[in-house]
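A quick write-up on the structure given underneath.
The values are calculated or read from the model by the stated rules, or taken from the named source; none is laboratory data. What you see is a predicted model; the values in this text were computed from it and never measured. In this analysis, Cβ positions are derived from the backbone assuming ideal geometry, glycine residues included, and neighbour counts consider all displayed protein chains. Ligands, DNA and RNA are excluded from the accessible area calculation, which covers all protein heavy atoms including side chains. Shrake-Rupley method; radii C 1.70, N 1.55, O 1.52, S 1.80 Å.
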Amino acid sequence: NFSQVTEFILLGLSDTRELQVLFFTFFFLAYAMVLLGNLLVIVTVRTDPKLSSPMYLLLCNLSFIDICCTSVISPRMLVDLLSQRKAIAFEDCIAQLFFLHFVGASEMFLLTVMAYDRYTAICKPLHYTAIMSRQVCWVLVSACWAGGFLHSIVQTLLTVQLPFCGPNTIDNYFCDVPPVIRLACTDIYVTEWLMASNSGLISLVCFLVLVTSYMFILVTIRVRFTEGHWKVLSTCASHVMVVTLFFVPCIFIYLRPFSTFPSDKHICVIYTVFSPVMNPLIYTLRNSEVKASMWKLWKRCRV
């Protein structure tokens, strides 16, 4: 590593003091909602034996990933919003980049597995227990984490081998691949296309698989439509909405040359803040079994 830069300066979302206080209040409440909401989901699933199906195992892992993903960014961002000088050490910046892509890619793969689980449950109900056994579910979850790690280590290695010897100002509120490699003191044409093909294609392929699985679900519902399928249709619509909020900004950010487009830090807020807040609301409050289990847990805690 021939880097001469020892720290980076994060410009954040705004340099206006009043807006910084407003952002701090909003992001603090959002972070608290993510922690409390997802911890509640994890505790509910772990304490209720009725919630032992693969769907709830996947949901529990999604909540854990959302906590990790938000915790990589939000605490540092909240501190910076109250600081005059928003500096981050080079090693801390690379570590944030690594863990962000690790949990972010793992979440993409997990959302794809969850869509496949719903497709199997709705389109092949008689074979569901055989196809999505608990062992298969654990294998798929492990594969999601392994895929996320492999993706992240590639992105990190491509970043740290670049020389950073000039400007050290990052026009963002966290360290990510596009704004960081723009500061490299070398031609990054090949590197940025390798990174775009890595992050961007993963986002695009996972999103297309998700959309395809929900299309098969909708076709199946249309063929053998019953009154009970209204709930399935409503649930699928909400799931598509929340995965769109997560995937479309990622595709927009990563599936393009980084050096020829300006920073889109305000778009990053969608998948780093809004999506983790929406996940526990969409995947649990619309589920009658989870709500019933939460109510039983609340009554046990009050006794």
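Applying the set (1) part of a helix (DSSP H, G or I); (2) in contact with a helix residue (DSSP H, G or I) (Cβ under 8 Å, 6 or more places away or on another chain); (3) modelled with pLDDT under 85 to Phe258 leaves exactly one unmet item: (1). When residues in segment 32-51 are screened for being over 24 Å from the mean Cα position of the chain (by Cα) and touching a residue at least 60 places away in the same chain (Cβ under 8 Å), 3 of them pass.
Determine whether Gln84 is surrounded by fewer than 18 Cβ atoms within 10 Å (Cβ to Cβ), polar (S, T, N, Q) and modelled with pLDDT under 85.
Criteria met by Gln84.
For segment 93-107, a residue qualifies if it is among the polar types (S, T, N, Q) and open to solvent by 10 Å² or more (accessible area, probe 1.4 Å), and exactly one does: Gln96. Does Val21 satisfy the criteria of being open to solvent by 30 Å² or more (accessible area, probe 1.4 Å), aliphatic (A, V, I, L, M) and out of contact with any His (no Cβ under 7 Å at 6 or more places or on another chain)? Criteria met by Val21. Suppose we filter Leu110, Leu29 for residues that are open to solvent by less than 60 Å² (accessible area, probe 1.4 Å), without any contact (Cβ under 8 Å) to a residue 60 or more places away in the chain and within 24 Å of Pro249 (Cα to Cα); which single one remains? The unique qualifying residue is Leu110. Pairing each residue of segment 88-101 that is touching a residue at least 40 places away in the same chain (Cβ under 8 Å) with any residue that is open to solvent by less than 30 Å² (accessible area, probe 1.4 Å) and among the hydroxyl-bearing types (Ser, Thr, Tyr), provided the two are 6+ apart or on different chains, yields C-beta distances under 6 Å for Phe98/Ser152; Phe98/Thr156; His101/Ser152.
Evaluating Tyr116 against the criteria (1) more than 30 Å from Ser83 (Cβ to Cβ); (2) open to solvent by less than 70 Å² (accessible area, probe 1.4 Å) leaves one unmet condition, (2).
Applying a threshold of 8 Å to beta carbon distances and a minimum spacing of six or more residues, or different chains, the list of pairs starting in segment 118-141 at a residue that is free of Cβ contacts under 8 Å to residues at least 60 places away in the same chain and ending at one that is of a type in the set (D, E, K, R) and surrounded by 12 or more Cβ atoms within 10 Å (Cβ to Cβ) reads Ile131/Lys124.
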